[in-house]
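Worksheet: one structure, shown below.
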Amino acid sequence: MDLQKIKEFTTRQLLEAVIALILSGLITYAFAGKHLFTNFATTYKNLLFGFCIGYSLWKGNQIVGWITHRLFPWDIKPSLTLAVSSALSLVFSLVDILLVHYLYLRLAFNVNIFDNPKRWVWQMVIVLLISLIITISFYLAYFFKWWRISAINEEKLKQEAIQLRYDALKSQVNPHFLFNSLSVLSSLVDTDTAKAKQFIQQFSDIYRYVLDQKDKELVALDEEIRFVKSYINLHQIRHGKSLIISIDIDDLSGFIIPLSLQTLLENCFKHNIISEEKPLTVKLWRDNNFIVVQNNLQKRKTIQDSNGIGLETISKRYDYLSQHPMEIAQDENYFTVKVPIIKSIS
């Protein structure tokens, strides 16, 4: 922490202390009335008593709010954060008010609140209500702020999901893809009828899967892998030994964004040379809670038509859906993308 930050922190703490002193003084006067100014000792002891309660409640609830935000961030589930923060603040405020009353009155006035609890209960209840009104007002302000942000992000997520599905479908009806697929099918009809039937089945499976995902935010990993295998088979029939793809995923538990792996594979095919002289090798495997898609790097000089989204859209959606971001790495030999696996649908 540099000198400027120390200065700013100290200034902020002093300002908060002054504000707490003024507010607690006004509240103390409301309780004590003219009796507060009976003599100097009575004045400063009562003002200090009010300050101890007010400042400890202020700073204590600040810490409670900070801890709650760390454990239950406002931007994830604002309603849960509001409920937990309010409950913890209630518990803390009860304990704090009781302790300050007991310790301060015992030390400053030699009064034991438990000798005559009825005399002090009403005062502690009023202090508690004032504290909760102020604290929960701040929490409500945070709640509505993050609730609004959450609603906006959710709408963006829906729009991006629609865009991703649209672009995935568009890539399948792309003239290049259709022309190449139909050319492959035409040659298979004359040379290998069984493989032609398999090609047609996988071709229809791809379109059915894309259309089936129109209302889904997440899909089971095993479903996405089955779809990806059909997608891969079409390209391998077309490219033959020029395209080498391996999938090493034994654990198929968890969920993933629909069409995300297909989009990553499409990027591999689109941006890299695929030829007998330079075969493209793509590997998919599971690394703990990530699916890794890696290809050897052999960039095309001219890139095929791009839908303009791809990695960026998938990455943004994972930023919203998962605590773990999508990871992208590139060196001289490989391009690697790690896609998070979401354990369950909340």
Alpha carbon convex hull of region 196-272, projected area averaged over orientations, nm² = 5.5 nm²
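Work out the count of Lys pairs in region 3-154 where the Cα-Cα distance is under 24 Å, with the pair 8 or more places apart or on different chains.
8
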Hits in region 102-145: amide N under 17 Å from the 7 Å Cα→Cβ extension of L90, namely 125-140
Additional length obtainable on full extension of the chain from E276 to K156, 0.36 nm per residue less Cα span = 38.9 nm
FRET efficiency estimate (nearest 0.05) - Cβ-Cβ, L103 to A17, R0 25 angstrom = 0.80
Length gained when the stretch V111-K59 is fully extended (0.36 nm per residue, less Cα-Cα span) = 16.1 nm
Among the Cα-Cα pairs of region 3-154, the proportion with separation greater than 26 Å, in percent, is 37 percent
Using a 10 Å cut-off on Cβ atoms, rank the peptides 283-296, 257-270 from the highest mean neighbour count down.
-> 257-270, 283-296
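Coordinate-derived values only; no laboratory data. Here the structure is a predicted model, which means the values were calculated and not measured. So basically every Cβ, Gly included, is an ideal-geometry build from the backbone, and we count neighbours across all protein chains shown.
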